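The values are calculated or read from the model by the stated rules, or taken from the named source; none is laboratory data. Quick caveat: nothing in here was measured; it's all calculated off a predicted structure. Counting neighbours? That spans all protein chains shown, and the Cβs are built from the backbone with ideal geometry, glycine included.
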Amino acid sequence: MKKKIINFALLIGITAFTLQLLVRAYSTEDIIMLKHNTEIKFILLGVMALIINWVLEAVIMNVFGNAVELKIGFLGSLKYTLIGKYYNLITPFYSGGQPVQAYCMANDGHSISKTTTVLVNKFMVFQIVLNIYSLSMIIYNFNLIMSTMKTAIPFVIIGLVLNIGMITLIAVLFFNKKVFEKMIYWGIGIAYKIKVIKDIKHVKNKAISYFEDYYTSLKNMWKNKILFVKTAILTALMMTSYYFITYCVYLALSLRDASAFNIMSMQAILNMAVVFIPTPGTVGASEGGFYLLYKHYFGGQLVAFAILVWRLIVYYLNIAVCGCVALLDYIVRKRRKKVIISN
């Protein structure tokens, strides 16, 4: 609970500071003028792209679920997707989503080993596609970055190195059975020493059973090459729908000089660069990165307003909708628990 309060306080503080910087870039008259000159139809198109992003991620989770006979259905996948997004958006390093998804799925009676398999493989495919996508865009935009965006180069390199490092770490932990088992047993040993668990033998026996189910599911899934090609394509489409939002903001501000590919390719680089910035929802870093990478396209007069509109869609609307789903799910779980206790 204390950690949640700290995260929320940090989130509100950084958000308030960032918004103040953006708003102070314009006078009241400037904001009114920009508001009247913004084409709302393209903002709505951006919102539609965000919804498509949610739907595609839910489809990916459902496809992976079906591959290990985890029957969660599309609506269930959409619910877990939105809950995961909410917790990613309010925690540092986008780290809160998967543990909460695993908890919710297990709480709904789904196999923990199969749930873990689905989430690990989904994460691995996402990271691999993100790196290939982003690296391709860096190569495509190399001359432009070197000539007009030199200040963004360290930012981009750090993001790329961290992403590759994360893939390597996940691969070692979750695909190497001995390393994973040692890590879990080490955790069980610590929990026993600090008296969190009492019957260490029982917990270790449950862990062994979990390992066997998990690695059987993992092994079977990795034999299915078509599954990974399919989910990689869906993941690339999911990312593209998210990157398209920035192009919608560009069009909304009546700008037409750059192509959709130019704008979206920069967004791919930005996402890769900020994903491991240790602020809740990468607040502050995303705005700063946007400024560095997009000032060339939006120009000094419009870039701050573009950041404001972009973040309203990809962050604040995202967190509002996903937060409502997470809250409703929490209320339903609480009521269900009360009914079980009363019976």
State whether one or more residues within region 275-283 are out of contact with any Asp or Glu (no Cβ under 9 Å at 6 or more places or on another chain), hydroxyl-bearing (S, T, Y) and free of Cβ contacts under 8 Å to residues at least 60 places away in the same chain. no
Residue within region 324-331 that is surrounded by 15 or more Cβ atoms within 10 Å (Cβ to Cβ) and hydrophobic (A, V, I, L, M, F, W, C) present | yes
Filter region 248-307 for residues that are among the aromatic types (F, W, Y) and part of a helix (DSSP H, G or I); the one that is surrounded by the fewest Cβ atoms within 10 Å (Cβ to Cβ) is F261
Per the list (1) surrounded by fewer than 19 Cβ atoms within 10 Å (Cβ to Cβ); (2) out of contact with any Phe, Trp or Tyr (no Cβ under 6 Å at 6 or more places or on another chain); (3) hydrophobic (A, V, I, L, M, F, W, C); (4) over 16 Å from M61 (Cα atoms), residue check on L130 breaks on (1)
Within region 105-123, residues under 23 Å from Y242 (Cβ atoms) and surrounded by 18 or more Cβ atoms within 10 Å (Cβ to Cβ) come out as V118, L119, V120, N121, K122
Exactly one of F211, F244 is under 24 Å from F123 (Cα atoms) and modelled with pLDDT of 95 or more, and that one is F244
Review point. Quick check, is N224 within 30 Å of T81 (Cα to Cα) and either at pLDDT 80 or above or of a type in the set (V, I, T) (or both)?
Key: yes
Taking region 107-131 and keeping residues of a type in the set (K, R) and under 22 Å from I208 (Cβ atoms) leaves K114
Within region 86-111, residues being outside any helix (DSSP H, G or I), of a type in the set (S, T, N, Q) and either over 11 Å from the mean Cα position of the chain (by Cα) or under 27 Å from I340 (Cα atoms) (or both) number 1
When region 332-343 is checked residue by residue, the ones that are part of a helix (DSSP H, G or I) and farther than 16 Å from Q101 by Cα are K334, R335, R336, K337, K338, V339, I340, I341, S342
Item to check | I233 among the hydrophobic types (A, V, I, L, M, F, W, C), at negative phi and within 16 Å of the chain's Cα centre (by Cα) | outcome: no
